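Single-structure report; data block below.
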Amino acid sequence: MDFDLSADHELIRRTVREFAEGEVAPLAEELDRTKSFPYAIVEKLGELNLMGIPFPQEYGGGGGDTLAYVLAVEELTRVDSSVAITLCAHTSLGTQPVYLFGDEEQKREWLPRLCSGERLGAFGLTEPEAGSDAGNTRTRARAQDGEWVIDGAKQFITNAGTEISGMVCITAVTGEDGADPSHPKEISNIIVANGTKGYEQGAPYRKMGWNASDTRPLTFSDCRVPEGNLLGPRGAGFKQFLHILDIGRIGVAAMGVGLAQGALDQALAYAKQRRAFGRPISKFQAIQTKLADMSTEIEAARLLVYKAAREKDAKRNFTLTAAQAKLKTGRLAVRCAEEAVQIHGGYGFIEEYPVCRFYRDAKILTIGEGTDEVQQMVIARALGA
Ligand SMILES: Cc1cc2nc3c(=O)[nH]c(=O)nc-3n(C[C@H](O)[C@H](O)[C@H](O)COP(=O)(O)OP(=O)(O)OC[C@H]3O[C@@H](n4cnc5c(N)ncnc54)[C@H](O)[C@@H]3O)c2cc1C
């Protein structure tokens, strides 16, 4: 088994690390404090060809694999989660459905603009009555005169309400007889472009973390889109979104490793320069065991995330590993952020120190893209329990 990264993978890691440390780190505190969407950073990510890493070059993508994408997400989150989730939701959730299920016309229409970062993609699955129980979609779309007429609401949607948001791919009930026997409703995925009459984005939520990322409720009221905006066959939406969530979990798991590693980096640097009782606190065994445990757990979690990426790239079933990686890394991120704050003492509670932001940003990693409890259900099911 080869644990070394290829030269191409090393290159993307180095490129994103330099960008994150040089261009994101100096702005992260201010963007978080002022809750400002990172437009300039997204533009630069586009220039670096990072807004469509795993998509073919013929559509304007980076032509990379899942591992390359994971490395980029990990390095961004090591410095700032808001920027990372913007890229992650755009790639895994916004652009991915068009690439996987879109016809050639839909791909030609959307992928070049999404992959360049000129426009952001979003995925609208969650609703007020449908979160973990995502199949309980209430949003409806009925076919009429060559159009889909959409009525309903989505909540907690990332990337839908910025000045550069291009489209959201939503799940909607399009009939009562589901093609999937495990699900009685017919659910389909439909593209809705920003600017479509009847599609409104509400005010951004006031969040615990991810403050510089865009998260809003969406409403659809007599919203009409062309029939051709349907993604794939009518009624395939349930299976499609389960597959998208599997893929998305690898990205969010990469965020967990990145955040945990960033917390460790900060904690180690601080412990080496902070003195107490006449010596750097890094010389105290109680601090050393925290650092040692964090580093060991991070390395193990990282391998799990890379394994999930490798399985996907090898076109094997990756549902189990992706859920394990998501479960493991979300919890690890929360724990490492907490330990990093502890090592900073009182300064860890002060916003000038990045670990304070890391602590707030970590918690959502055990909730978004499927809660820990949902991951446990997916894992248990895959085990045959
Ligand atoms: C900042 C942010 C960004 C987000 N971005 C997006 C996005 O871009 N697109 C999108 O579609 N969604 C997005 N979400 C939604 C997110 O995926 C959901 O919040 C998440 O899946 C949980 O759903 P819920 O909030 O409805 O919680 P619920 O499903 O109501 O869960 C509440 C609690 O009950 C538990 N629970 C539920 N069912 C079971 C069960 N069967 N067994 C055991 N426990 C159970 C859950 O684990 C949880 O602890 C985002 C959320 C946030 C906060």
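Derivation of every value follows stated rules applied to the coordinates shown; laboratory data play no part. Model, not experiment: these values are computed from the prediction. Please note: Cβ atoms are built from the backbone with ideal geometry, for glycine as well, and neighbour counts cover all protein chains shown.
Structure summary
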quantity	calculated
For 88, 356, order by how many other beta-carbon atoms lie within 10 Å, fewest first	356, 88
Cα-based shape type of the chain, given that a ≥ b ≥ c are square roots of the gyration tensor eigenvalues and the cut on a/c is 1.5	prolate
3J(HN,Hα) from dihedral phi, the range 240-253, Karplus parametrisation 6.51/-1.76/1.60, rounded to Hz, x for glycine, proline	4, 6, 4, 5, 4, 5, 4, 5, x, 4, 5, x, 5, 5
Under Karplus coefficients 6.51, -1.76 and 1.60, residue-wise ³J(HN,Hα) of the range 346-360 in Hz, glycine/proline x	x, 5, x, 8, 9, 5, 5, 8, x, 5, 5, 5, 4, 4, 6
Exposure rule at most 15 other beta-carbon atoms within 10 Å, DSSP loop GluC sites (Glu not before Pro): the chain longest free segment	177-350
Under-5 Å amide H pairs with residue 127, H placed in peptide plane, nonlocal only	155
Antiparallel DSSP beta bridges within the chain, as percent of all bridges there, nearest 5	85
Proxy reagent accessibility, fewest Cβ within 10 Å first, across 87, 31, 48	48, 31, 87
Out-of-range pairs (alpha-carbon distance over 24 Å; input 185/207; 35/239; 207/326; 207/290)	185/207; 35/239; 207/290
